[in-house]
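First the structure, in the form of structure tokens, and then the observations on it.
The values are calculated or read from the model by the stated rules, or taken from the named source; none is laboratory data. All values derive from a computational prediction rather than experimental measurement. Neighbour counts run over all protein chains shown; Cβ positions are idealised from the backbone, glycine included. Surface areas here come from the heavy atoms of the whole protein model, side chains and all, with no ligands, DNA or RNA. Shrake-Rupley method; radii C 1.70, N 1.55, O 1.52, S 1.80 Å.
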Amino acid sequence: MSRKPFVITGILIVLLAVVIPAWVFRADADPERGETEVPANLKAGQTRFVENCGNCHTLYSAGTYSNFGPNLDQKLAPAGTPTGPDAKSQKEGTYAQVLSAIEKGYDDPSVPGRMPAGILAGPGAREVADFVSQTAGRG
Ligand code: HEC
């Protein structure tokens, strides 16, 4: 009896069991490593977010999971967030909110903990605000 069918079956099994799941896994984000695919213009902000904000905040698009501060997907773009034309002004509002939180800090007295001011400034702060406002809640 020829061994060929076994070889072919073996190759098929490797394909199904290893290659395809690996591909699917890569296509999906790897939350542990902050590798969610974002447009090239948001990459620098994503990296800065992971380095400066990820210790305290969950944000799916950055692959960060911490609950010291609020979950930014939920806080900034809860379910029911507009899509289409309204989404643009919603993102602009979020941009301003995030930039203000970064530059001035934020302290809601009814929530334990506070967001420290001045973690980033200037272009770095704007990059992060851009990244967060474009991607929050859009995992
Ligand atoms: C030391 C932990 C810590 C770090 C680091 C941190 N935050 Fe926060 N952040 C908090 C906490 C705590 C709150 C909630 C404060 C409150 O509601 O009183 C918060 C709140 C926020 C809010 C919500 C503000 C609002 O309007 O409700 C935004 C947006 C935010 N952080 C963005 C960021 C960004 C962007 C970074 C990185 C530049 C960052 N945070 C870094 C702890 C942190």
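A compact table of results
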quantity	calculated
Of the chymotrypsin sites (Phe, Trp or Tyr not before Pro) in the range 55-117, those whose Cβ has at most 15 other Cβ within 10 Å and which sit in DSSP loop	65, 68
Three-way shape call for the range 34-135 based on the alpha-carbon gyration tensor, with the a/c threshold at 1.5	rounded
All lysines inside 19 Å of residue 75 as judged from Cα atoms, apart from same-chain residues fewer than 8 positions distant	88, 91, 104
Net lengthening on full extension, residue 43/residue 4 (0.36 nm per residue, minus Cα-Cα)	9.3 nm
Segment residue 74-residue 103, length gained on full extension (0.36 nm per residue, minus Cα span)	8.3 nm
Extension gain, residue 65 back to residue 96 (0.36 nm per residue minus Cα-Cα distance, nm)	8.8 nm
Portion, in percent, of the accessible area of the range 29-139 that falls on carbon or sulfur, probe 1.4 Å	54
In order through the range 103-110: 3J(HN,Hα) via Karplus (6.51 cos²θ - 1.76 cosθ + 1.60), integer Hz, x for Gly, Pro	7, 10, x, 7, 9, 8, x, 8
Cβ-Cβ FRET estimate between residue 121 and residue 87, R0 fixed at 25 Å, reported to 0.05	0.35
